[in-house]
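> Here it is, the structure in full.
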Amino acid sequence: MYSTQLTYPFSALVNQERMKLALILNAINPRIGGVLIRGAKGTGKSTAVRALAELLPEIEVVKGCPFNCNPHDPTNMCEICREKYERGEKFEIEKRKMRIVSLPIGATEDRVIGTLDITRAIKEGIKALEPGLLAEANQNILYIDEINLLPDHIVDDILDAAASGWNIVEREGISVSHPSRFILIGTMNPEEGELRPQLLDRMALHVQVENIYDKDMRIEIMRRNIEFEEDPIKFREKYRREQDELKEKILNARRILKKVKVPSELLEVIARMCITLHVDGHRPDIVMLKTSKALAAFEGSLTVNVNHILQCAHLTLSHRTRKGGLEEPAGPEQIENTFYKAVEEAGIAVKTIA
């Protein structure tokens, strides 16, 4: 059955493979921490994000809980649900499609994190919290178009929740929290202003979407868009098989993700790359590891290989601050050269790299 708003199929997107891969990897493991997609207007950024939700499996939530708590995971429960769980009470469970929670540019901090009635909070705790967008986003997709135009303090709130999986609301010495685990996707047009380097560095993955100047690809983009506009139901049916296959690959990757192993020599490659490039902190190493495992799972492999590391290095390192912000982020050629050097130093045969 079709919804009233038919989305363009993810499988019908032309080119932009790195952007699609970054979105898929976050769908496999939302704890990667999200992706920032940069590029000019009209390059398919928003279309790809809207199309992603259709590929994702249903989620289970505690019915009636304003925080979309996971009924099977006590680490993803608000205080009220966790107390019921610990008492052995059974939840009424509701299945829902994952959805996109869009954050408008003019959103206030209260709208994002929620508002807290101090007087009630002293007596009632979390019941005194009026949920915000970070509550709605739990177990869903939080999409921020033009993220570079948001006030820095709001971006900070969102990134804190994305990193920890929790939204903490503090007012006048009173603190309440609720789970907020979401797939964070930000898009931006660099011509309209850049993200502060410190905020940019906290985005897990980064993709630069380029204009397509291949004649045949541009013709194909025109054809598909007109075809979708004229008969979206027929167009979606045309890509149903590819959509179903991609959904199954994502589901299978989620199932096997915890079984994926990373050889110790590849951990060494990751560490050597981050050291050589002088990236700040340890977040890049950890994100590259998580992303490589998700990519291996997506390909149906239980072992990460060097090719997975190379692909994920571009997604992970291309926006990182270096030497305390004194150096520009590494470019594609520098990342690749550093990768091959790290592979050689780790004693891995170059012939194993496709």
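> Give all pairs with beta carbons closer than 7 Å in which a residue from the stretch 146-158 that is over 16 Å from residue 133 (Cβ atoms) meets a residue that is part of a helix (DSSP H, G or I); count only pairs at least 6 apart in sequence or on separate chains.
Between residues of the stretch 146-158 that are over 16 Å from residue 133 (Cβ atoms) and residues that are part of a helix (DSSP H, G or I), the close pairs are 148/192; 149/192; 152/199.
> Hey, another quick one. Considering only residues of the stretch 316-354 that are out of contact with any helix residue (DSSP H, G or I) (no Cβ under 8 Å at 6 or more places or on another chain) and of a type in the set (Lys, Arg), which is modelled with the lowest pLDDT?
Initially, the stretch 316-354 is screened for residues out of contact with any helix residue (DSSP H, G or I) (no Cβ under 8 Å at 6 or more places or on another chain), giving 322-324, 326-328, 331, 333-334, 337, 349, 351.
If we keep only those that are of a type in the set (Lys, Arg) as well, we get 322-323, 351.
Details: 322: 87, 323: 85, 351: 58.
Filtering first and then ranking leaves 351.
> Now a separate question. On the basis of being over 30 Å from residue 280 (Cα atoms) and touching a Lys or Arg at 6+ places or on another chain (Cβ under 8 Å), does residue 226 make the cut? So that I can check it myself, show each step before the final result.
Values: over 30 Å from residue 280 (Cα atoms): yes; touching a Lys or Arg at 6+ places or on another chain (Cβ under 8 Å): no.
Spelling it out, it is not the case that residue 226 is over 30 Å from residue 280 (Cα atoms) and touching a Lys or Arg at 6+ places or on another chain (Cβ under 8 Å).
> With the stretch 9-100 as the region, which strands (runs of 3 or more DSSP E) entirely inside it contain at least 1 residues that are among the β-branched types (Val, Ile, Thr) and in contact with a Ser or Thr (Cβ under 6 Å, 6 or more places away or on another chain)?
Values: elements: 35-39, 58-62, 93-97.
Correct list: 35-39.
> Shifting gears a bit: Would you check if residue 111 is in contact (Cβ under 8 Å) with a residue 12 or more places away in the chain, under 25 Å from residue 185 (Cβ atoms) and assigned to a strand (DSSP E or B)?
Working: in contact (Cβ under 8 Å) with a residue 12 or more places away in the chain: yes; under 25 Å from residue 185 (Cβ atoms): yes; assigned to a strand (DSSP E or B): no.
Here the answer is no, as residue 111 does not meet what is asked.
The values are calculated or read from the model by the stated rules, or taken from the named source; none is laboratory data. For clarity, every value in this text was computed on a predicted model and none was experimentally measured. Note that each Cβ is placed from the backbone with ideal geometry, even for glycine, and that neighbours are counted across all protein chains shown.
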